[in-house]
Amino acid sequence: MVLPDGNGRIARLLASFVLIKEGLFPLTIDRDERIKYIDALERADQNDYQALIDVISVNQINSIERALNWKIIENTSGYDNVLNVLGAKLSNYRLVEVEQQNKRILQNMNNVFFVMKNEMESYKEDLRERLDKITEIDSSYCSPEDAYAYYYARQIINYANQYDYYVNLSLNKCWGRMFISIDQTKKYRLILSVHHYGYDKSTFAVGAFLSKEIANNISDGTESHREYIDIPVGVPPLTISSEKEVDELKSSIKQQVEISIMSALAYIANEL
């Protein structure tokens, strides 16, 4: 006999069977997702299934991202056990294979970087052409192998904390930045960063953060002596597989650049 309040649980259980069969995560609805879920079910009763598809899709994305950030080591309740785990991993460690994988991942990051750079350059030229002459637009870039790739570590950490993921700053990263100056009185810097998402090398994140130069700042004109305050622009990270060919990712990367620039321009417009 099914209890009156058990139908929802049975429905989610059946949905989870379908998802697991396809190699996905079971359906779990958090308390803060419950209203959207119930609304989606009601709309599905009216033959409008898109809202329910969206809820399940977001649920799967969240489950995947949580899994990427889990650092699980079994049987680590003592020094000997930890040492045994490390020894087992070292016995399977193959330097040549690791080096080949690292080269492949680095090349993929370079490919992502160049797609991002080309898209930012396209928007830069469009902004220069369409905005008033009192606005100056400039840009610069740093590839994963450049000497200044370590820049913006603090902003990357703050961004990762904002979106609740771990970022391993010891791994490769790169960035592009766009400077927007309005009448020499309001100066902004939009950074798009490509860095590793989670503890290992399996996933890249493309994130965006905006900064505003402090007014009346004493500066010798170089980037290193300018002072900025950080401004959240509300653009979640784009997470992509570090092993995937960039041709399959171009549209997503371009969309992330577009959303980031739009969000920065919207913030600037609100300040004027």
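Looking at the stretch 115-140 only, could you name the residues that are within 18 Å of residue 248 (Cβ to Cβ) and either touching a strand residue (DSSP E or B) at 6+ places or on another chain (Cβ under 9 Å) or touching a residue at least 40 places away in the same chain (Cβ under 8 Å) (or both)?
115, 116, 119
Could you tell me which residue of the stretch 87-121 is nearest to the chain's Cα centre (by Cα), considering only residues that are surrounded by fewer than 13 Cβ atoms within 10 Å (Cβ to Cβ) and among the polar types (S, T, N, Q)?
Selected residue: 107.
Anything in the stretch 225-264 that is surrounded by 18 or more Cβ atoms within 10 Å (Cβ to Cβ), in contact (Cβ under 8 Å) with a residue 60 or more places away in the chain and over 14 Å from residue 115 (Cα atoms)? List them, or say none.
237, 239, 242, 260, 261, 264
What are the residues in the stretch 141-155 that are small (Gly, Ala, Ser) and in a loop (DSSP other than H, G, I, E, B), if any?
Of everything in the stretch 141-155, those that are small (Gly, Ala, Ser) and in a loop (DSSP other than H, G, I, E, B) turn out to be 143, 147, 149.
Taking residue 186 as meeting all but one of (1) more than 26 Å from residue 214 (Cα to Cα); (2) open to solvent by 20 Å² or more (accessible area, probe 1.4 Å); (3) touching a residue at least 60 places away in the same chain (Cβ under 8 Å), write down the number of the exception.
Among (1) more than 26 Å from residue 214 (Cα to Cα); (2) open to solvent by 20 Å² or more (accessible area, probe 1.4 Å); (3) touching a residue at least 60 places away in the same chain (Cβ under 8 Å), residue 186 violates only (1).
Touching a residue at least 40 places away in the same chain (Cβ under 8 Å), more than 19 Å from residue 234 (Cα to Cα), touching a Pro at 6+ places or on another chain (Cβ under 9 Å) and open to solvent by 60 Å² or more (accessible area, probe 1.4 Å) - does that describe any residue in the stretch 170-177?
Yes - at least one qualifying residue is present in the stretch 170-177.
Go through the residues of the stretch 189-198 one by one and say whether even a single one is assigned to a loop (DSSP other than H, G, I, E, B) and either modelled with pLDDT of 90 or more or not hydrophobic (A, V, I, L, M, F, W, C) (or both). Don't jump to the end; show me each part of the working.
The initial filter retains those residues of the stretch 189-198 that are assigned to a loop (DSSP other than H, G, I, E, B), namely none.
No, the conditions are met nowhere in the stretch 189-198.
Could you check the stretch 228-254 and list, in sequence order, the residues that are outside any loop (DSSP other than H, G, I, E, B) and among the basic types (Lys, Arg)?
Hits for the stretch 228-254 are 250, 254.
In the stretch 156-185, how many are under 13 Å from the mean Cα position of the chain (by Cα) and either among the basic types (Lys, Arg) or assigned to a helix (DSSP H, G or I) (or both)?
Residues flagged as under 13 Å from the mean Cα position of the chain (by Cα) and either among the basic types (Lys, Arg) or assigned to a helix (DSSP H, G or I) (or both) within the stretch 156-185 amount to 8.
Taking the stated definitions as given, is residue 123 more than 18 Å from residue 241 (Cα to Cα), part of a strand (DSSP E or B) and in contact with a helix residue (DSSP H, G or I) (Cβ under 9 Å, 6 or more places away or on another chain)?
No: the conditions fail for residue 123.
Return the residues of the stretch 188-212 that are under 14 Å from residue 168 (Cα atoms) and among the polar types (S, T, N, Q); say none if nothing qualifies.
193, 202, 203
Being crowded, with 18+ Cβ neighbours inside 10 Å and either more than 23 Å from residue 62 (Cα to Cα) or in contact with a Lys or Arg (Cβ under 9 Å, 6 or more places away or on another chain) (or both) is true for just one of 159, 152. Which residue is that?
Residue meeting the stated conditions: 152.
The values are calculated or read from the model by the stated rules, or taken from the named source; none is laboratory data. None of the values given here were measured: they were computed from a predicted structure. A quick note on method: Cβ atoms are made from the backbone with ideal geometry, for glycine too, and the neighbour counts reach across all protein chains shown. With ligands, DNA and RNA removed, areas are computed over all heavy atoms of the protein, side chains included. Shrake-Rupley method; radii C 1.70, N 1.55, O 1.52, S 1.80 Å.
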